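Everything below concerns the one structure shown next.
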Amino acid sequence: MAGASITLQSAEVDKALAKLLAAADDITPALKNIGEYEAKVTRGRFISKQDPNGNPWKALNPLYAQTKKGPGILVGETRSLSQIVWQLAGDGVEIGSNEIYSRIQNEGGTIRPKTAAALVFSMGGRTFLVQKVTIPKRQFLGFSTVDEQEILGIVSDHFAEAIGEN
């Protein structure tokens, strides 16, 4: 570096930097808070029936709605899709559902028979034999801009607490 320079020697600054480095070395508390927050807002989407951006989920097929058991879209008497879980994964956190059908519900897609000649199901008191069924996308996993801001706040709080600002 050209020109003049000064060196700050401060035990207080050194202590704050050491705390900051220690907090950066263990972000587990922040990740746990992110997991809890995101699981909570994701569960809330089952109540609001909206995707992370606030768009409403597609309504149920009217024929299906006639005999559906349970209180609403993606929620049934025996289904636990709204049981959102989180887990630490390396240096991150994963949020989701461990139900096998959660991916098709979240992303939408087409179901075809694997070994049978047709899919067979009942809906509205009628039985159907079809070659495929299209499931509409009803996204419940994901991050809104509000979620991103909240997560940034959680990370900021983690470091602020480390140096004693909170």
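Here Val93 meets each of (1) over 17 Å from the mean Cα position of the chain (by Cα); (2) modelled with pLDDT of 90 or more with one exception, condition (1). Taken together, the residues in the stretch 99-126 that are touching a strand residue (DSSP E or B) at 6+ places or on another chain (Cβ under 7 Å) and either open to solvent by 40 Å² or more (accessible area, probe 1.4 Å) or part of a strand (DSSP E or B) (or both) amount to 7. Taken over the stretch 11-50, the criterion of being free of Cβ contacts under 8 Å to residues at least 40 places away in the same chain and within 19 Å of Thr145 (Cβ to Cβ) is satisfied by Lys40, Gly44, Ser48, Gln50. Within the stretch 8-61, the set of residues being touching an Asp or Glu at 6+ places or on another chain (Cβ under 8 Å) and in a loop (DSSP other than H, G, I, E, B) comprises Ile27, Pro52, Trp57. Among residues of the stretch 88-110 that are farther than 15 Å from Arg45 by Cα, those with a Cβ under 9 angstrom from a residue that is among the basic types (Lys, Arg) and part of a helix (DSSP H, G or I), sequence gap 6+ or separate chain, pair up as Leu88/Lys32; Val93/Lys32; Gly109/Arg103.
Sort through Val75, Val120 and tell me the only one that's of a type outside the set (D, E, K, R) and under 24 Å from Asp147 (Cβ atoms). First the steps, then the outcome.
Numbers: Val120 fails: under 24 Å from Asp147 (Cβ atoms).
Selected residue: Val75, the only one of Val75, Val120 that is of a type outside the set (D, E, K, R) and under 24 Å from Asp147 (Cβ atoms).
Within the stretch 144-166, if we keep just the residues that are assigned to a helix (DSSP H, G or I) and among the small types (Gly, Ala, Ser), the residue that is surrounded by the most Cβ atoms within 10 Å (Cβ to Cβ) turns out to be Ala162.
Being loosely packed, with under 13 Cβ neighbours inside 10 Å, over 29 Å from Tyr37 (Cα atoms) and either without any contact (Cβ under 8 Å) to a residue 12 or more places away in the chain or among the small types (Gly, Ala, Ser) (or both), is that true of even one residue in the stretch 66-83? Yes: the stretch 66-83 contains one or more residues that are loosely packed, with under 13 Cβ neighbours inside 10 Å, over 29 Å from Tyr37 (Cα atoms) and either without any contact (Cβ under 8 Å) to a residue 12 or more places away in the chain or among the small types (Gly, Ala, Ser) (or both). Taking each residue of the stretch 120-133 that is among the basic types (Lys, Arg) and looking for partners that are in a loop (DSSP other than H, G, I, E, B) with beta-carbon atoms closer than 7 Å, six or more apart or interchain, yields Lys132/Arg112. For the stretch 20-45, the set of residues classified as out of contact with any strand residue (DSSP E or B) (no Cβ under 8 Å at 6 or more places or on another chain) and either of a type in the set (Val, Ile, Thr) or loosely packed, with under 15 Cβ neighbours inside 10 Å (or both) consists of Leu20, Leu21, Ala22, Ala24, Asp25, Asp26, Ile27, Pro29, Lys40, Val41, Arg43, Gly44, listed by residue number.
Only one entry of Gly90, Gly96 meets the criterion of being within 22 Å of Lys32 (Cβ to Cβ), of a type in the set (Gly, Ala, Ser) and open to solvent by 50 Å² or more (accessible area, probe 1.4 Å), and that entry is Gly90.
The values are calculated or read from the model by the stated rules, or taken from the named source; none is laboratory data. None of the values given here were measured: they were computed from a predicted structure. Glycine gets a Cβ as well: all are built from the backbone with ideal geometry, and neighbour counts include every protein chain shown. Just the protein is used for accessible areas: all its heavy atoms, side chains included, with ligands, DNA and RNA removed. Shrake-Rupley method; radii C 1.70, N 1.55, O 1.52, S 1.80 Å.
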